[in-house]
Amino acid sequence: MSNKWTRDDWLNWYRRLEETEYEVGEAVLSYKARQKLPSKAFCDPKKRAYPAHDAKHVKAGLQRLSQFAKSMSPARRIRIFNCLSKRAKKYGIEISDDVRKKLRGKKVSEALEESGWTFRQWTDWIMREENIGCEI
């Protein structure tokens, strides 16, 4: 028996993928439902990552951000965290000081001082890169 997948194997896998619901903690979002969400429902709208349209997804987003925080840039991590924080406040979710400290990392002023950028350069770069802010 061959280990190579045929075209039909891939199509069947993709069909099953569309029907599958992904469970992250308590948050469940099917592939189709995720695709239907507007960009403003995500805390990283450019990559359509970190959906935060309800309390369960905000909690799951904080868990995932905590899990992958070291693998992303500080600017992206802080931006996503700030968005999730706003949504958490909206849904009455408390974020512990430990989690807040871990995810926020250094203060922006400290990171800018290390990088040699001015605050104005940084904000201009963020606005150019993201083009969309976090909306509540």
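What to note about this one:
Yes/no per residue for (1) modelled with pLDDT of 75 or more; (2) more than 19 Å from LEU103 (Cβ to Cβ); (3) touching a helix residue (DSSP H, G or I) at 6+ places or on another chain (Cβ under 6 Å); (4) surrounded by fewer than 14 Cβ atoms within 10 Å (Cβ to Cβ):
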| position | (1), (2), (3), (4) |
| --- | --- |
| GLU18 | no, yes, yes, yes |
| GLU23 | no, yes, no, yes |
| LEU37 | yes, yes, no, no |
| ALA52 | yes, no, yes, no |
| VAL58 | yes, no, yes, no |
| LYS70 | yes, no, no, yes |
| ARG76 | yes, no, no, no |
| SER85 | yes, no, no, no |
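- LYS107 charged (D, E, K, R), loosely packed, with under 10 Cβ neighbours inside 10 Å and modelled with pLDDT under 80: no
- Qualifying helices (runs of 4 or more DSSP H) (wholly inside region 43-116; at least 1 residues being touching a residue at least 40 places away in the same chain (Cβ under 8 Å) and either in contact with a Gly (Cβ under 7 Å, 6 or more places away or on another chain) or more than 25 Å from LEU29 (Cα to Cα) (or both)): 74-90
The values are calculated or read from the model by the stated rules, or taken from the named source; none is laboratory data. On a predicted model such as this, the values are computed, not experimentally measured, just so you know. Cβ atoms come from the backbone with ideal geometry, glycine included; neighbour counts cover every protein chain shown.
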